[in-house]
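Please treat every number below as a calculation from the coordinates, not as lab data. The structure presented is a predicted model; accordingly, all values stated were derived computationally and were not measured. Here the Cβ positions follow ideal geometry from the backbone for every residue, glycine too, while neighbour counts run over all protein chains shown.
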Amino acid sequence: MTKGRPVVAVVDDDPRLLESLADLLESAGYAARSFSSARSLLVSGLSGMDVLITDIGMPGMNGFELCDLVKKVRPDLPVFLITGRYQIAEADRTQGVSGCFRKPFDAQVMLAAIGDVLRKSKNGG
Amino acid sequence: MMSVWSRRPHFLHLGLFIAAYVLGCGFAQALAIVPGTGISIWPPSGLFMATLILASRHSWPWWVLGGCLAELFSNALWFHNPLSVALLIYTGNVLEAVAGAWLVTWACRRPFRLETLQEVLTLVVLGAGIAPVASATVGSATLAWFGMQTFAAAWPLFWLGDATGVLIVAPLALAVLQNCGGRTQLSAARWMEACVLGLIFLGVAALSLSGHLPSAYIVMPPLLWAAVRFEFKGAAVALTLLALITVVFTISGTSQFVGDPEFQKQMQFALQLFLAISAFSVLTVAAVSRQHQQALLTLRDSERELSQLVDMVPSHVWRLRPDGEPIFFNKRMTDFIGLDVADLDKPGMSRLEAVIETVHPDDAAGFGDALRRSLAIGESFALRYRLRRADGVYRWMSSRAEPLRDQDGRIVQWFGLCHDIDNQVHAEEALRRSEQQLQQMIDAVPVRIWSATPTGGPVYFNKRYQDHFRSVIANFEAIEEPRIEELLQELIHPEDAPEVQRTLQNCFETGGGSSMRFRWREKDGVYRWAECRVEPWRDQAGAIAQWYGVSLDIDEEVRAQEALRERERELSQIVNMVPVHIRRLTPDGEPTFFNKRLLDFFGLSDVAQLDKHGMSRLAAAIKTLVHPEDATRLLETVRHSLATGEPYAMKYRMLRADGVYRWVDGRGEPLRDQSGAIVHWYAISIDIDDQMRLYRDLEEREAKIRRLVDSDIIGIVIWDLDGRVIDANDAFLRMVQYGREDVEAGLRWFDMTPPEWQDVHAREEAEELKATGKMQAREKEYFRKDGSRVPVLIGAACFEGQSRQGVAYILDLTERKRAEAAQMRAEEALRQAADELAKATQATSLAELSASIAHEVNQPLAAIVANSHACHRWLSAEPPNLERAKTTAERIIRDANSAADVVSRIRAVFKQSTQTGSCTALNSAMAEALDLTAEEAARRRVRIDTGIEDDLPLVALDRVQVQQVLINLMRNGMDAMDSVQGDRVLLVRARRMGDVVQTEISDRGAGIEFPDKIFEPFFTTKGTGMGMGLAICRSIVESHGGRLWAEKNEPQGATFVFTLPVEVKAVP
């Protein structure tokens, strides 16, 4: 399957972060899709998504729950978690997570991680 | 036969008759001068005839039988005739007597009294003349048949003998028989005359019959004298005497009628003739005399009667001579004036003048003139005048006089009649007066009266009526013969006039009375109500004689009635308007009226709808409309009241039209008339359903309150602000150990209040009560009766509308106070534990706070980092995307500012809390902080040495924040000594240094490399942590006006020092 730019979905309740992440991803050549909550992502649907980046602490469904749900539907979808608190340890233990970043995170590292998983999935796929 | 027997005469009379008959026979035998030729006088014929005349015809057979016996007896004694001859002769005698008696009584009618000439002549002609024919004929025939005498010779003697016997004996017998009952009293003079006459008669008779005088008829004068003077009795007696004398002389032979045998026959005849003529003459004269006497007697009687009549009439009767002189006054007049005619003779005046003098002086001249004028011209006289009575009183008289004229027209006398009319005159006067009074009365009474002829013609009006007409009708006087209905039309209101006209005409036509009401005009032009009653007055025959009408002014009455009706209407409206059910009952309880409200309540349109067959309306109404539980009681109550007349009052439930029972308060009272008898019952009922509900609620609430008061759990007092206890329940009394008698004697709560509370009461409690009407519950104390104190909780409230009285509840706090003391001790322990807990919380909360701050700062920081990379990428791209880079850079600036805001917000939070801080003893705050960390220190084998001055001054601080600083610094110290192998000692010191209190926390750790950098946010030397703790600590200290810094410790470790300014003056 060939297509254009890979699509990266971003979920965060903070609009500033959502905006800056989308900008960063686009500057790196990805197509960014922003969602202010887990629910709005689920409504929109997961098809066409290549990578998911989600905040952990959000009102309503948190990042862990969203991750579990997404894994049931798209086990192959790489998921990155980002957090503002000390939930890294817990995030590390979560199954099927491609990576976890603590705010403020290093943009270069993140982009590199994204590039890695996309390459892996392309190879694997 | 029976009738004959029953009509039998007295046997005494019959016996006397028989004896007289026999005696008569003997007398006849004695006078039988010529033997064989029969007898000269036959007295029994007179006796027999007289007896039959007087006896009733039915008794005649008895007399015939008696006569027969007497004659047969005499025949046997003297005559010696054969029986057949005797019977035949007697038959002749019976015929004669019966014929004579029948003829006489037929001719004269009974009773035959022999008092008139007609009766005498009848007796002579029919009794003595004709009747003896029968006897003579039968007797002569018998004698001739038996050859004793020739018929022709015997008949005349026979006839004459019988006739003489009748003439002499019948008057005598009649006189004797008729007068045998009554005695005629003769006066002495008459007796003398009778004796003298008797002597003269006897003498003359003796002389003449004895032949000494030439003729026997010389005896006639004395006979006639006796007849004239003594009438029939005299005549009868004289004739009898004459007959006897004649017999005596004849028997003695010296009589003139005794002579030679050849003349004997003639002599006998002459004797018979003499006796018959004498008897006839005497009887006739006696009858004439008798008749004359009778006439005289009658005249005298009538004169006496007339005189009596004249004296008896209730009038004065008088006679005058033609020239006016009085000649007769009747007795009444004489008695009245006290004068007789003779008494009028006075010297110097005529009798007439004397009469005039007795007339009242006022009337005398008129009387004299009128009488003289009548006398002069011969006209009858009539006048009323007053005449003086004998006792001097004048009385009114009415006098009339008429002249009596002779055949030539000349006046012979004047007859006058005069009656006492005094009473009449007075009565007339009284009548006139009463008529006058009546007229005055009729004119005076305040009613209008009229009367009219039967057809309603000309009318009489009383004065008031006339005045009324005159004042209203302009030309009243000019109306001739006014009719009542026409006049009334002038007066009466045009609306009423036709009806009145009709009614009146109807009355006059039918003759019935009537009553009308109408308005009529008064003189001021105002119409007033009047009533006119019309009635006919009928005479004895029932015909209408007069119409009478009475008109009354009833204006006020009519208006009053109208007003009354108006009031009644109003009252009726009120009755229907008042919010009360009203009903009226008859004295025996039958409802006759419901007011509208009640009808509406029941949904009825009329009381009669209640009627049920077979029960009274009252019972039906109660059964239908009253709640079944109340119906019986109500019926009994009402019936009891009806029977006794007592009012009743009762509450019961009535069925409203919508089917709901509602409570009403019902009452009934009788209305009585003046005699006390019940006219009506009035019953009312008021809907009290809501009220009842309210009462029930109220009762329930009161019961609850009462339960509270009576439960004696809390003390309740009713008080006034003057310090008195008005009432108190037992619980309160028990509390203060007083008795009820103390309350009654006047217990004062003010006196029971300890002095320190009295003041409070006066200032606060009273004010509070006055202002709000309530006193919030508060604790205070009261003196008990024995002087000990009882702690109480008291709350109070004024009664509604009464600011000086109210109710208070009082709880005995003795037990509670005791419990509280124990509880306080427990609480103290609890509080300590809580404080410890709080300190533990404070210890962790700073870390928590740091995490939160980190998150707040990380968000913008993460955005900044991402944007910075993005910006760099847009710029590094070939060709560089400047547009996007610029946008991104703007975002970086924005987010950075946002992060700075977070920090300044945190500062502001700490600053704010210091401002609300209070003056606190630093010692205790530090002690608490040490307590909180003591356990942790022990766990981490850190010894904490303290050097804190005892008398540290008060410092204005936020206790918790300062404790956080302390704990944070101590924990940092402990953290620094984690890796130290030697003694882990943490030194905490606090001392006053001028106007600050300086606190130092020293550890024996590795020490600090950059004493200035460590206070910057996010600078940390530790493996974990945010690097915010010291930044916050400095921020807190600085917000308290102090300083925080770090110093190197010798030989190792670090010392953190902070100062807090001492408050100059304490806050009171």
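Points worth noting:
- Only one residue of B:Gly416, B:Phe280, A:Pro59 has its Cα farthest out toward the positive end of the dipole of the protein assembly as shown, where Lys and Arg carry +1 and Asp and Glu -1 on Cβ, and that residue is B:Phe280.
- The charge dipole of region B:445-559, taken about the Cα centre with unit charges on the Cβ atoms of Lys, Arg (+1) and Asp, Glu (-1), comes to about 180 debye, rounded to the nearest 20.
- Using distinct alpha-carbon pairs, which all enter the 1/r mean, Kirkwood radius of the protein assembly as shown in Å: 54.7 Å
- Exposed GluC sites (Glu not before Pro) absent - longest run of chain B, DSSP non-H/G/I/E/B, at most 10 other C-beta within 10 Å: B:1-479
- Charge sum, other residues only, whose C-beta stays under 12 Å from B:Glu764's C-beta, Lys/Arg counted +1 and Asp/Glu -1: 0
- Projected-area average for region A:10-124 over all orientations - Cα convex hull basis, square nanometres: 6.6 nm²
- Projecting the Cα positions of B:Ile726, B:Thr250, B:Ser924 onto the charge dipole of the protein assembly as shown (unit charges on Cβ atoms of Lys, Arg, Asp and Glu, taken about the Cα centre) puts B:Thr250 furthest along the positive direction.
- In the calculated pair-distance distribution of region B:712-812, the portion above 21 angstrom amounts to 24 percent of the Cα-Cα pairs.
- Sequence-separation-based contact order of region B:578-692, relative, with Cα cut under 8 Å and 6+ spacing, percent: 27 percent
- Residues considered: A:Ser27, A:Ser36, A:Ser98. Largest GNM mean-square fluctuation over chain A, using C-alpha springs under 10 Å, is found at A:Ser27.
- Near B:Trp62, once Lys and Arg are set to +1 and Asp and Glu to -1 for all other residues with Cβ below 13 Å from its Cβ, the sum equals +3.
- Per-pair calculated FRET efficiency, R0 = 35 Å: B:Arg707 and B:Val580 via Cβ, rounded to 0.05: 0.40
- Extending 7 Å from Cα along the Cβ direction at A:Ser121 and again at B:Arg894 yields two label points whose distance is 2.9 nm.
- Residues of chain B were split at every exposed loop site, defined as trypsin sites (Lys or Arg not before Pro) in a DSSP loop with at most 15 other C-beta atoms within 10 angstrom, and the longest piece left, sites excluded, is B:524-783.
- Between the listed residues B:Leu487, B:His212, B:Leu747, the Cα displaced farthest toward the positive end of the dipole of chain B, a dipole computed from Cβ unit charges relative to the Cα centre, is found at B:His212.
- Averaged over the residues of peptide A:104-117, the number of Cβ atoms from other protein chains lying within 10 Å of each residue's Cβ is 3.
- Extension gain from B:Ala797 to B:Ala342, taking 0.36 nm per residue of separation minus the Cα-Cα distance: 150.4 nm
- Computed over neighbours whose Cβ is under 15 Å from that of B:Arg894, the net charge equals -3, Lys and Arg +1, Asp and Glu -1.
- Nearest-0.05 FRET efficiency for B:Thr920 and B:Glu827, computed from C-beta distance (R0 25 Å): 0.70
- Remark: the B:Glu820-B:Ala382 segment gains 142.9 nm on full extension, using 0.36 nm per residue and subtracting the alpha carbon distance.
- Less than 5 angstrom separates the built amide H of B:Arg784 from those of B:Arg789, B:Val790, all sequence-distant by 5 or more or on a different chain.
- Taking Cα centre as origin and charging only the Cβ of basic (Lys, Arg, +1) and acidic (Asp, Glu, -1) residues, the dipole magnitude of chain B rounds to 3500 debye.
- Annotation: amide H of B:Gly1007 within the under-5 Å range of B:Gly1053, B:Ala1054, sequence separation 5 or more or interchain, hydrogens built in the peptide plane.
- Here is the tail figure for chain B: Cα pairs spaced more than 47 Å apart come to 77 percent of all pairs.
- Extended-chain gain in nm, criterion 0.36 nm per residue less alpha-carbon gap, B:Ile442 and B:Arg633: 62.2 nm
- Paramagnetic reach from B:Arg372 (point 7 Å along Cα→Cβ, amide N under 16 Å) across region B:299-343: B:323-326
- For chain B, averaging the sequence separation of C-alpha pairs within contact (under 8 Å, six or more residues apart) and dividing by the residue count gives a relative contact order of 4 percent.
- In this rough spin-label picture, where each label sits 7 Å from Cα along the Cβ direction, the B:Trp106-B:Glu303 distance is 4.3 nm.
- Listed values for region B:366-378 are Karplus-derived 3J(HN,Hα) couplings in whole Hz (6.51 cos²θ - 1.76 cosθ + 1.60, θ = phi - 60°), namely x, 4, x, 4, 4, 5, 5, 4, 5, 4, 5, 9, x, and x replaces Gly and Pro.
- Net charge dipole size for the protein assembly as shown [Lys, Arg +1 and Asp, Glu -1 on Cβ; Debye, nearest 20]: 2960 debye
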